[in-house]
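In what follows, a single structure is set out as structure tokens and then discussed.
The values are calculated or read from the model by the stated rules, or taken from the named source; none is laboratory data. Bear in mind the structure is a predicted one, so any value in this text is a computation, not a measurement. With ideal geometry, Cβ positions are generated from the backbone for all residues, glycine too; neighbour counts draw on all protein chains shown. In case anyone asks, the SASA skips ligands and DNA or RNA and just uses the protein heavy atoms, side chains included. Shrake-Rupley method; radii C 1.70, N 1.55, O 1.52, S 1.80 Å.
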Amino acid sequence: MTTSVRTRVAIIGAGPAGLLLSHLLADAGIESVVIDSRTRAEIETTIRAGILEQGTVEVLEATGASERVRTAGNRHDGIELRFAGEGHRIDFAGLVGRGVWLYPQHEVLKDLIAARLAGGQDLRFGVSAQRVEGADTDRPRVIATDADGAPLEIEADFVVGADGSRSVAREAVTGSSTGGYFREYPFAWFGILCEAPPSAEELIYSNSPDGFALISQRSATIQRMYFQCDPETDPTAFSEAELWDALQTRVPGTTLREGPIFQRDVLRFRSFVAHELRRGRVALVGDAAHTVPPTGAKGMNLAVADVLVLERALRALLQEGDERLVDAYAETALRRIWKAQHFSWWMTNMLHVAPDASEFDRLRQVGELRSVVESEHGRAYLAEAYTGWPL
């Protein structure tokens, strides 16, 4: 037999977007059900990057979604752009009076899950959404199976797809699970996690003739580093010595602190924006609506921005019967989405070496980097976009 559930808002996906939306809706007195195909342990232990814009931090703190973001997170007031063997600091605080926080996404999720469960949220792990029906009606439904494989139907006043880049909800909105504007890149990141102290106080984004590298951090003892590679690279094909050599050659002038490598992976990335963000009473947020290359550190921050726009629209719709903000949701959200897409594309193309790059391309790229670091306005644009536009 099918179990039927009735709620105001059905949210598919217990990632940052889905959980934050449920948190904000609860504060407004709007009940929701959140489902996710993963277990709680899988969500909380999957290590993901986490550069939070200042606005994102302020939202998490002001809404009570996270009390640890400032105490456990590390504020960074700049990054280093390294090219032609020299480092150039982009002083966020000095240029735009803002900063970012290094706080991994899985830590944000731990905070959000704890906050939602403490608030009595109907949060269901191991529930797999199959499809969304009735988008053009006032009672859309999520057709799913529960953790035991039994049929489950969730009827709601509104359905939100916050279920990532392989979104089930996307087809109900766009008519296709893949329908959108798309750009694939001819390179990927080879990422490692290692046991070592930080190699630098701030993140290093390095352009070199051998390719891009990012020297990042996770904690005082765990570091995350990446170097540009072919998308088809086998993560097991390198020895630890070869990995450290590949990283070190891309950051001349900085001596990396080495340690045991306990995780390695190849991260493919792309730019994507769904053709539509809303149809009737179904809307997309976060990676269900768009994905960006990680170079601009925009992924989770863009999801938070989507949620703030949609939450205001849902309050107006469900509490006042006012459809204007829901009707404007896509247009409003897309203004920021396309700015973030441009910034992420720009950072990616400015810092990576294309496989077919000519000597002209390499020298032009260095000229572009110099145009940024030698101009206060160029540095300020990078600082403003990286730390986040007003929410």
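Every residue, every condition in (1) at pLDDT below 95; (2) among the basic types (Lys, Arg); (3) open to solvent by less than 20 Å² (accessible area, probe 1.4 Å), yes or no:
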{"residue": "215", "(1), (2), (3)": "no, no, yes"}
{"residue": "229", "(1), (2), (3)": "no, no, yes"}
{"residue": "233", "(1), (2), (3)": "no, no, no"}
{"residue": "237", "(1), (2), (3)": "yes, no, no"}
{"residue": "248", "(1), (2), (3)": "no, no, no"}
{"residue": "251", "(1), (2), (3)": "no, no, yes"}
{"residue": "259", "(1), (2), (3)": "no, no, yes"}
{"residue": "268", "(1), (2), (3)": "yes, yes, no"}
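Just to check your reading of the model, which residue among 11, 90 is open to solvent by less than 40 Å² (accessible area, probe 1.4 Å), over 29 Å from residue 191 (Cβ atoms) and in contact with a helix residue (DSSP H, G or I) (Cβ under 6 Å, 6 or more places away or on another chain)? Matching residue, one of 11, 90: 11. Residues being open to solvent by less than 40 Å² (accessible area, probe 1.4 Å), touching a strand residue (DSSP E or B) at 6+ places or on another chain (Cβ under 7 Å), of a type in the set (D, E, K, R) and touching a residue at least 40 places away in the same chain (Cβ under 8 Å) are represented in the range 169-192 by at least one member.
Filtering 107, 53, 80 for residues that are touching a residue at least 40 places away in the same chain (Cβ under 8 Å), closer than 12 Å to residue 300 by Cβ, among the charged types (D, E, K, R) and open to solvent by 10 Å² or more (accessible area, probe 1.4 Å) leaves a single hit, 107. For the range 164-186, what are the residues that are among the hydrophobic types (A, V, I, L, M, F, W, C) and either at pLDDT below 95 or in contact with a Lys or Arg (Cβ under 7 Å, 6 or more places away or on another chain) (or both)? Matches in the range 164-186: 168, 172, 173, 182.
Restrict the check to the range 285-294 and report whether at least one residue is part of a strand (DSSP E or B), in contact with a Ser or Thr (Cβ under 7 Å, 6 or more places away or on another chain), surrounded by 17 or more Cβ atoms within 10 Å (Cβ to Cβ) and of a type in the set (Ser, Thr, Tyr). Yes, there is a match, as at least one residue in the range 285-294 is part of a strand (DSSP E or B), in contact with a Ser or Thr (Cβ under 7 Å, 6 or more places away or on another chain), surrounded by 17 or more Cβ atoms within 10 Å (Cβ to Cβ) and of a type in the set (Ser, Thr, Tyr).
For (1) in contact with a His (Cβ under 7 Å, 6 or more places away or on another chain); (2) closer than 27 Å to residue 2 by Cβ, each residue gets a yes or a no:
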site	(1), (2)
153	no, yes
161	no, yes
166	no, yes
190	no, no
195	no, no
202	yes, no
218	no, no
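Against the criterion of being under 21 Å from residue 380 (Cβ atoms) and either β-branched (Val, Ile, Thr) or modelled with pLDDT under 95 (or both), residue 45 does not qualify.
Residues are listed down the side, and each one gets a yes or a no for (1) touching a Pro at 6+ places or on another chain (Cβ under 8 Å); (2) assigned to a helix (DSSP H, G or I); (3) hydroxyl-bearing (Ser, Thr, Tyr); (4) surrounded by fewer than 23 Cβ atoms within 10 Å (Cβ to Cβ):
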residue: 300; (1), (2), (3), (4): yes, yes, no, no
residue: 305; (1), (2), (3), (4): no, yes, no, no
residue: 326; (1), (2), (3), (4): no, yes, no, yes
residue: 362; (1), (2), (3), (4): yes, yes, no, yes
residue: 366; (1), (2), (3), (4): no, yes, no, yes
residue: 379; (1), (2), (3), (4): no, yes, no, yes
residue: 389; (1), (2), (3), (4): no, no, no, yes
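Among the candidates 37, 4, which residue alone is farther than 20 Å from residue 285 by Cβ, open to solvent by 70 Å² or more (accessible area, probe 1.4 Å) and not β-branched (Val, Ile, Thr)? Selected residue: 4, the only one of 37, 4 that is farther than 20 Å from residue 285 by Cβ, open to solvent by 70 Å² or more (accessible area, probe 1.4 Å) and not β-branched (Val, Ile, Thr). Counting only strands (runs of 3 or more DSSP E) wholly contained in the range 106-207, the ones carrying 2 or more residues that are within 30 Å of residue 357 (Cβ to Cβ) occupy 180-184, 188-195, 204-206.
Does residue 352 qualify as being open to solvent by less than 40 Å² (accessible area, probe 1.4 Å), more than 17 Å from the chain's Cα centre (by Cα) and closer than 22 Å to residue 202 by Cβ? Spelling it out, residue 352 is indeed open to solvent by less than 40 Å² (accessible area, probe 1.4 Å), more than 17 Å from the chain's Cα centre (by Cα) and closer than 22 Å to residue 202 by Cβ. Within the range 193-206, residues that are touching a residue at least 60 places away in the same chain (Cβ under 8 Å) have Cβ atoms under 8 Å from residues that are part of a loop (DSSP other than H, G, I, E, B) and among the basic types (Lys, Arg) in these pairs: 193/218; 196/257; 197/257; 206/250, counting only partners at least 6 apart in sequence or on another chain.
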